[in-house]
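The values are calculated or read from the model by the stated rules, or taken from the named source; none is laboratory data. Everything numeric in this text was worked out from a predicted model, so none of it was measured. Cβ: placed from backbone, ideal geometry, glycine included. Neighbour counts: every protein chain shown.
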Amino acid sequence: MYEFDPRTFFASSDADSNGVLDRNEITALLLRHLNDLDRQSPAEDAAGDAAAKIEQMVEHLMRQLDQDGDGHVTYAEFLDFVSQSNLLKTRPAQEPQQD
Ligand SMILES: [Ca+2]
Ligand SMILES: [Ca+2]
């Protein structure tokens, strides 16, 4: 099953490999994510409507991710966000907890 690895995720989202995620890369990341969701629940919204919604989501994400507001999300900022938002725990927790 899919296991969330922040380092791999960050690297694969960093399209130009400059070590930080900019707004475009966040947008691309979000779009990929939304495409995955689309497959499960086909949304037939007007394209313009969806674009505006995505713009809002990127804005929201950037505000949470980019802690120092320089327009770039460093790996440290990303990792901070990930650990706060419990993304690391979203995989099915079925590891044996007792011996
Ligand atoms: Ca980049
Ligand atoms: Ca930053």
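Checking R32 against (1) closer than 18 Å to R7 by Cα; (2) more than 13 Å from ligand 2 (Cβ to nearest atom); (3) at pLDDT 90 or above, which test does it fail? Among (1) closer than 18 Å to R7 by Cα; (2) more than 13 Å from ligand 2 (Cβ to nearest atom); (3) at pLDDT 90 or above, the lone unmet condition for R32 is (3).
Residue-level check: of (1) at pLDDT 80 or above; (2) out of contact with any helix residue (DSSP H, G or I) (no Cβ under 8 Å at 6 or more places or on another chain), S41 misses just (1). Of all residue pairs spaced 6 or more apart or on separate chains, those with beta-carbon atoms under 7 Å, a first member in segment 2-18 that is over 10 Å from Y75 (Cβ atoms) and within 15 Å of ligand 1 (Cβ to nearest atom) and a second member that is in a helix (DSSP H, G or I) and at pLDDT 90 or above are S13/E25; S13/L29; A15/E25; A15/A28.
State yes or no: is S13 under 12 Å from the mean Cα position of the chain (by Cα) and at pLDDT below 95? In short, no. Scanning segment 69-81 for residues that are loosely packed, with under 14 Cβ neighbours inside 10 Å and away from ligand 1 (no atom under 16 Å from the Cβ) yields a count of 1.
Among residues of segment 4-26 being hydrophobic (A, V, I, L, M, F, W, C) and assigned to a helix (DSSP H, G or I), the one that is nearest to ligand 2 (Cβ to nearest atom) is I26.
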